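See below for the structure under consideration.
The values are calculated or read from the model by the stated rules, or taken from the named source; none is laboratory data. A quick note: this is a predicted structure, and the numbers were derived from the prediction, not measured. Cβ atoms come from the backbone with ideal geometry, glycine included; neighbour counts cover every protein chain shown.
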């Protein structure tokens, strides 16, 4: 008997477990019910949930019908949720009961609302109004509805990827709608994702990130179909994470760098308490990972740390293993097979190796995409068949790609281009700094001035003058932020990334301009 042979096979969330057969049977009945509610091939189903087994089942059900599952960020305000519901043209919204209650009056007409019970592991991790746990009077109880449905036995249809709404820096979010892949495209895609995510038959995967984000969504839906186990975390907690790795003999995880940082800040006694030797493939993406953090994780867990770079629109573009990270600190890896990258200057001309330019990509064999109802927005990011997400970087002589910053985050102060990522890296090296955000704010003389907001480590009192003094030892004077504030808690997205727009936008709104 192997070490993992007695472990549960299926999807796990808290104390709740469903076998693969149970998940498949429930997904088939949900698909049947969706079909009766008018969901058709090319249609959409919106899912407003935190991480839950039902989320996976609902997504599988929509895909079974050739429809798009549309995960909705549960942090959205009612008006934002209403926008996604209307823009996506959904006929069905399925959500946790407590998330549905605030939507009264904002759900478009003709949308059927299915209410799933908010599970106990969610209640244990979030403060939820007890009056919002019952099924809203404008919704139908999911479990009672499900009992009335027979398993779907309709024809097999091409299954599109979920339609993810990207947040963007201004305006409404945009739905990335990709055509269903051909058999050849699907096969190539699965090979790439097997490499990147480490997803192989009988994988035991752990998902601490939110299913409404593109990469965790892709990871979770694939891991849930490979015969092993998919363990969902309702919310990332570093010690709980380690306990799950040990108890479930987890071998594959999708993470973001913030999670690494929180794990490394656990007391050494706690870190050594748990057995993480089952880990063989830990993939991270979504945000830059400081080189010292990456090295520390490799020293702790071994050469099992991997990274990829890409976007919702492009999919994965580069890939780096632990050896790459140690050989070329800061790299996001080498270009994947089937991917072409161009680094373009301000005039649109390709730049040679080593020169910083905006990154444009083309992935051969990828199903094409558009922004749902906004084809003109797709045209804005395309140049000669290549698309960009606004990232700026370069490729070195050995073929390794490095990111410098987001072009939209670039600060132009007195005519000089400044990339905040470099300054944020310097701030991370200041003792007592937990996290930080650097961005441009209006300045009457220079157009823009650098602003830094710093979050201290718990129990640490930071001194602004001391921070400035240390930055001046590492950065040119013009890169030292003119304005610097200390805040105890920076606003974050559920992925752990800092919600920089919430910090930056008020300054520009008061100035009455955007640049």
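Just one residue in the set 465, 458 is more than 33 Å from the chain's Cα centre (by Cα) and either assigned to a loop (DSSP other than H, G, I, E, B) or surrounded by fewer than 12 Cβ atoms within 10 Å (Cβ to Cβ) (or both); that residue is 465.
When we screen 434, 428, 489 for residues that are under 29 Å from residue 211 (Cβ atoms), at pLDDT 90 or above, loosely packed, with under 13 Cβ neighbours inside 10 Å and within 24 Å of the chain's Cα centre (by Cα), the only hit is 489.
If you check 81, 23, 45, 70, which single one turns out to be on the phi < 0 side of the Ramachandran plot, crowded, with 20+ Cβ neighbours inside 10 Å and modelled with pLDDT under 95? Criteria check complete, one pass: 81. Just one of the listed residues (45, 111) is in the same structural domain as residue 146 (by TED's automatic domain parsing) and more than 23 Å from residue 20 (Cβ to Cβ), and it is 111. Please specify each residue of the range 475-497 satisfying the condition of being more than 17 Å from residue 432 (Cα to Cα) and touching a helix residue (DSSP H, G or I) at 6+ places or on another chain (Cβ under 9 Å). Residues satisfying the conditions are 475, 479, 480, 481, 491, 492, 495, 496, 497.
In the range 130-142, the count of residues that are closer than 27 Å to residue 42 by Cβ and modelled with pLDDT under 90 is zero.
Here the condition is being in contact (Cβ under 8 Å) with a residue 60 or more places away in the chain and either surrounded by fewer than 23 Cβ atoms within 10 Å (Cβ to Cβ) or not in a strand (DSSP E or B) (or both); of 143, 190, 184, it holds for 184 alone. Going by the conditions given, is residue 449 free of Cβ contacts under 8 Å to residues at least 60 places away in the same chain, surrounded by 18 or more Cβ atoms within 10 Å (Cβ to Cβ) and not in a helix (DSSP H, G or I)? Judged against the criteria, residue 449 is a match. May I ask you to verify whether residue 215 is surrounded by 23 or more Cβ atoms within 10 Å (Cβ to Cβ), closer than 30 Å to residue 244 by Cβ and free of Cβ contacts under 8 Å to residues at least 40 places away in the same chain? Against the criterion (surrounded by 23 or more Cβ atoms within 10 Å (Cβ to Cβ), closer than 30 Å to residue 244 by Cβ and free of Cβ contacts under 8 Å to residues at least 40 places away in the same chain), residue 215 does not qualify.
Scanning the range 29-42 for residues that are surrounded by 19 or more Cβ atoms within 10 Å (Cβ to Cβ) and in a helix (DSSP H, G or I) turns up 29, 30, 31, 32, 33, 34. For the criterion of being part of a strand (DSSP E or B) and either in contact with a strand residue (DSSP E or B) (Cβ under 8 Å, 6 or more places away or on another chain) or farther than 22 Å from residue 121 by Cβ (or both), residue 282 passes.
Within the range 152-168, the set of residues being part of a loop (DSSP other than H, G, I, E, B) and over 18 Å from residue 92 (Cβ atoms) comprises 153, 155, 156, 158, 161, 167, 168. Residues in the range 387-419 that are surrounded by fewer than 20 Cβ atoms within 10 Å (Cβ to Cβ), farther than 21 Å from residue 291 by Cα and more than 23 Å from the chain's Cα centre (by Cα): 412, 413, 414, 415, 416, 417. Among the candidates 275, 292, the residue that is part of a helix (DSSP H, G or I) and surrounded by fewer than 21 Cβ atoms within 10 Å (Cβ to Cβ) is uniquely 292. Each residue in the range 388-435 was checked for being under 15 Å from residue 480 (Cα atoms) and part of a strand (DSSP E or B), and 6 pass. Screening 338, 348 for residues that are surrounded by fewer than 18 Cβ atoms within 10 Å (Cβ to Cβ), in contact (Cβ under 8 Å) with a residue 24 or more places away in the chain and closer than 23 Å to residue 185 by Cβ leaves exactly one candidate, 338. With respect to residue 226, is the statement that it is at pLDDT 90 or above, closer than 21 Å to residue 284 by Cβ, outside any helix (DSSP H, G or I) and under 18 Å from the mean Cα position of the chain (by Cα) true? When the stated conditions are applied, residue 226 does not pass them. If you check residue 176 against the conditions, is it touching a strand residue (DSSP E or B) at 6+ places or on another chain (Cβ under 7 Å), in a strand (DSSP E or B) and more than 17 Å from residue 316 (Cα to Cα)? Answer is no for this residue. Of the residues that make up the range 13-24, is at least one closer than 18 Å to residue 121 by Cα and outside any strand (DSSP E or B)? Checking the range 13-24: at least one residue is closer than 18 Å to residue 121 by Cα and outside any strand (DSSP E or B).
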